[in-house]
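Written out below as structure tokens is the structure these notes cover.
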Amino acid sequence: MMLHIPEVLTPEELAHCRSVLEKADWQDGKATAGQQSAKAKYNLQLPLNHPQHRELAELILRALGRNRIFNSAVVPFRVVPPLFNRYDPGMGFGAHVDNAVRPIPDSGGMRVRTDVSATLFLSHPEEYDGGELCIYDEAGMQEIKLPAGDMIVYDTTVLHSVAPVTRGSRWASFFWTQSMVRDESRRRVLYDLDRAIMDLRTRLSDHDPAVLQLVNCYHNLMRQWCDL
Ligand code: NI
């Protein structure tokens, strides 16, 4: 499932992230790439030991925590602390796959199975040309460029690339999530059911017997399908 989640950050949070990143010392993105993907990767990243990396990562994790669509569609178990990247003119990232398992830094060896990838756009689309996130799925290639503060989530199982930037600078945050529901088709069923329940709750009431029955079905499916 590929999903556009609008306005993940408030305008104030977005402005804060951008002002910190404006002053940051960026490093070569190859430092965090795997052996094979390093050959395709030309970008800059905020170093993990940058003094404000943790603060920005926590700001984004808080924004995810309150985002109903993210929680409903992804059913997060663990999120790798968000990273930040930047593509200036001539930079891009050829088609590649992301590692299936990622360590969580400074966690005493905790690891995450990468079920869902997310890119949170921090630059306005008119600030740069090129830089589309290209996702290759059964329907062909989808080119994604979203308003600053919006996020795309997609299954980490697919090939993807970032088209070369030809003007301006493209900044984004990106991260991976291990879902409590490993199977993407099951996540889709839960998301569809949750949305239908939300819609019915506004049209009927929380205590309507049909609503209660559906909420019960939702939790019973979750009980069968989630791993913790
Ligand atoms: Ni990638």
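The values are calculated or read from the model by the stated rules, or taken from the named source; none is laboratory data. Fair warning: this is a prediction, and the values are worked out from it, not measured in the lab. Heads up, the Cβs are rebuilt from the backbone with ideal geometry, glycines too, and the neighbour counts pull from every protein chain shown.
Can you find a residue that is more than 30 Å from Tyr218 (Cα to Cα), surrounded by fewer than 17 Cβ atoms within 10 Å (Cβ to Cβ) and more than 14 Å from the ligand (Cβ to nearest atom) anywhere in segment 110-125? If you could, list the steps in order and put the result at the bottom.
To start, the set of residues in segment 110-125 that are more than 30 Å from Tyr218 (Cα to Cα) comprises 121-125.
Restricting the remaining residues to those that are surrounded by fewer than 17 Cβ atoms within 10 Å (Cβ to Cβ) gives 124-125.
Subset that is more than 14 Å from the ligand (Cβ to nearest atom): 124-125.
Checked segment 110-125: at least one residue is more than 30 Å from Tyr218 (Cα to Cα), surrounded by fewer than 17 Cβ atoms within 10 Å (Cβ to Cβ) and more than 14 Å from the ligand (Cβ to nearest atom).
Applying a threshold of 8 Å to beta carbon distances and a minimum spacing of six or more residues, or different chains, the list of pairs starting in segment 169-197 at a residue that is under 22 Å from His16 (Cα atoms) and ending at one that is of a type in the set (A, V, I, L, M, F, W, C) and in a loop (DSSP other than H, G, I, E, B) reads Trp171/Leu122; Ala172/Leu122; Ser173/Leu122; Phe175/Val80.
Against the definition (among the hydrophobic types (A, V, I, L, M, F, W, C), within 21 Å of Arg187 (Cα to Cα) and loosely packed, with under 13 Cβ neighbours inside 10 Å), how does Val101 come out, yes or no?
Working: among the hydrophobic types (A, V, I, L, M, F, W, C): yes; within 21 Å of Arg187 (Cα to Cα): yes; loosely packed, with under 13 Cβ neighbours inside 10 Å: yes.
For Val101, the condition - among the hydrophobic types (A, V, I, L, M, F, W, C), within 21 Å of Arg187 (Cα to Cα) and loosely packed, with under 13 Cβ neighbours inside 10 Å - is met.
Evaluated against (1) surrounded by fewer than 20 Cβ atoms within 10 Å (Cβ to Cβ); (2) among the hydroxyl-bearing types (Ser, Thr, Tyr); (3) within 24 Å of Asp88 (Cβ to Cβ), Ser173 falls short on exactly one condition, (1). A count restricted to segment 130-164 and to residues that are more than 16 Å from the ligand (Cβ to nearest atom) and more than 19 Å from Leu14 (Cα to Cα) stands at 4. The listed residues are Asp106, Asp98, and the only one of them that is within 16 Å of the ligand (Cβ to nearest atom) and in a loop (DSSP other than H, G, I, E, B) turns out to be Asp98. Within segment 64-82, one or more residues are out of contact with any Pro (no Cβ under 6 Å at 6 or more places or on another chain), exposed (fewer than 15 other Cβ atoms within 10 Å of the Cβ) and of a type in the set (S, T, N, Q).
On inspection, Pro11 fails the criterion of being in contact (Cβ under 8 Å) with a residue 40 or more places away in the chain and either within 16 Å of the ligand (Cβ to nearest atom) or under 28 Å from Ala95 (Cα atoms) (or both). Count of segment 143-187 residues, restricted to those that are among the polar types (S, T, N, Q) and more than 16 Å from the chain's Cα centre (by Cα), is 3. Do we have any residue at all in segment 28-50 that's of a type in the set (Val, Ile, Thr) and surrounded by fewer than 14 Cβ atoms within 10 Å (Cβ to Cβ)? There is no residue in segment 28-50 that is of a type in the set (Val, Ile, Thr) and surrounded by fewer than 14 Cβ atoms within 10 Å (Cβ to Cβ). Inspection of segment 49-61 finds no residue satisfying the criterion of being within 16 Å of the ligand (Cβ to nearest atom) and among the β-branched types (Val, Ile, Thr).
Within segment 179-200, is even one residue within 24 Å of Tyr42 (Cβ to Cβ), in a strand (DSSP E or B) and either modelled with pLDDT of 95 or more or within 16 Å of the ligand (Cβ to nearest atom) (or both)? Outline the logic, then answer.
Looking only at segment 179-200, we keep the residues that are within 24 Å of Tyr42 (Cβ to Cβ), and these are none.
No - not one qualifying residue is present in segment 179-200.
Of all residues in segment 21-47, those satisfying the criterion of being under 18 Å from Ala118 (Cα atoms) and part of a loop (DSSP other than H, G, I, E, B) are Ala33, Asn43, Leu46.
Checking the condition in the same structural domain as Arg167 (by TED's automatic domain parsing), polar (S, T, N, Q), more than 15 Å from the ligand (Cβ to nearest atom) and in contact with a Gly (Cβ under 9 Å, 6 or more places away or on another chain), which residue from Asn71, Asn67, Asn85 passes? I'd like the intermediate steps shown before the answer.
Details: Asn67 fails: in contact with a Gly (Cβ under 9 Å, 6 or more places away or on another chain); Asn85 fails: more than 15 Å from the ligand (Cβ to nearest atom).
Only one candidate passes the filter, namely Asn71.
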